[in-house]
Amino acid sequence: MQDLAITVNNFSKSYGAKRAVDGISFDVRQGEIFGLLGPNGAGKTTTLECLEGLRRADGGALSILGVDPGRQAGRLAALIGVQLQTSALPASMTPVEALRFFAAYHGQPPALSLIDRLGLGEKRNAQYGSLSVGQQRRLALALAAAHRPKVLFLDEPTAGLDVAARAELHALIGELRAEGATVVLATHDMAEAEKLADRVAILLRGKIAACGTPRELTATGAGQTKVSARTENAALAESLPPMPGAVRALVEDEYAVYFTTDTGATVAAVLQTIGECGDKLVDLRVERPSLEERFLEITQREPGRVA
């Protein structure tokens, strides 16, 4: 079995009478990107803060590479890097100064190349207060990785970023994993989690509602595969004949769209029908249910859930 970087066993945490996390258990393998998902108030931030040593667990056991984050803060600091959901530096500090400061704190040489890799080269000597929100978040990731930690905790790392900056951060996260880092990613962006994470856990009301690879989770839901076909003469779109396995059909931008529980049967019937009509296929798309659709299915079925 692959060595574990993180183990969480029957972990619980309360704030007064409110149980924020209620006896959850999961593990994260070394070199894995693990997504922690859930609606607001589900317990994600509390779980991260206890793993980061910022709070103490009320019950259960937590371990980061054999270190108890609640009792061994000194050893923990050398092992982890943290990008918080919100953070700030002195307004007059520059990215180069910040990186040198964080690296020195951990007794490591500053990895100044991170500044260029994250598109901050032209801002390396600019004051922090003059940076845009996106630039500040890129710097936050550079600081979290500055001492080459074995485990990275990223809380909404790409929130507020444009498409190009988001792609840059995704690439860097992949590079850090390739270099051996373990990454725990808390995000509301389901597409981001589906793209980056090897496995994900969905938290709901302080409990784990589902855990597995994105493909495993989307395969076990009630969602249907979307089969879309566009033809030269729009034969399917005009008549929208029923197809085996399809539970719903509609026309969308000249495409005949079928939602099916039997993808093979539906696709075969679509192609056969197009041929029988003497039409010609222009485009065929088969889209499995997304992690976002599965997430909504899980979270919306909970009675009394507050969005």
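The values are calculated or read from the model by the stated rules, or taken from the named source; none is laboratory data. Please read these numbers as outputs of a predicted model, since none were measured by experiment. Glycine also receives a Cβ, built like all others from the backbone with ideal geometry; neighbour counts cover every protein chain displayed.
Tabulated data
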read-out: Residues of segment 76-92 that turn out to be without any contact (Cβ under 8 Å) to a residue 60 or more places away in the chain and surrounded by 15 or more Cβ atoms within 10 Å (Cβ to Cβ), as a count; value: 3
read-out: So Glu238, is it in contact with a helix residue (DSSP H, G or I) (Cβ under 8 Å, 6 or more places away or on another chain), at pLDDT 90 or above and of a type in the set (Asp, Glu); value: no
read-out: Residue selected from segment 101-128 under the condition charged (D, E, K, R) and assigned to a helix (DSSP H, G or I), by the criterion surrounded by the fewest Cβ atoms within 10 Å (Cβ to Cβ); value: Glu122
read-out: Any hit, segment 13-33, residues being outside any strand (DSSP E or B), buried (at least 19 other Cβ atoms within 10 Å of the Cβ), at pLDDT below 90 and assigned by TED's automatic domain parsing to the domain that holds Ala201; value: no
read-out: Verdict on Ala268 being hydrophobic (A, V, I, L, M, F, W, C), modelled with pLDDT of 85 or more and in a strand (DSSP E or B); value: no
read-out: Of all residues making up segment 256-285, the number that are acidic (Asp, Glu) and closer than 10 Å to Pro244 by Cβ; value: 1
read-out: Residues of segment 119-176 that turn out to be of a type in the set (S, T, N, Q) and closer than 20 Å to Ala77 by Cβ, as a count; value: 0
read-out: Segment 1-12, residues that are closer than 21 Å to Thr213 by Cβ and either part of a strand (DSSP E or B) or of a type in the set (Lys, Arg) (or both); value: Leu4, Ala5, Ile6, Thr7, Val8
read-out: Flag for Gly31 being under 22 Å from Arg294 (Cβ atoms), touching a residue at least 40 places away in the same chain (Cβ under 8 Å) and in contact with a strand residue (DSSP E or B) (Cβ under 9 Å, 6 or more places away or on another chain); value: no
read-out: Unique residue being part of a strand (DSSP E or B) and surrounded by 14 or more Cβ atoms within 10 Å (Cβ to Cβ) when the list is Leu143, Leu152, Leu161; value: Leu152
read-out: Residue among Leu79, Leu48 that is over 20 Å from the mean Cα position of the chain (by Cα) and either modelled with pLDDT of 90 or more or under 23 Å from Ser132 (Cβ atoms) (or both); value: Leu79
read-out: Leading residue by the ranking (surrounded by the most Cβ atoms within 10 Å (Cβ to Cβ)) among those in segment 1-12 that are hydrophobic (A, V, I, L, M, F, W, C) and within 21 Å of the chain's Cα centre (by Cα); value: Ala5
read-out: All positions within segment 169-181 that are within 15 Å of Ala142 (Cβ to Cβ) and either assigned to a loop (DSSP other than H, G, I, E, B) or at pLDDT below 80 (or both); value: Glu179, Ala181
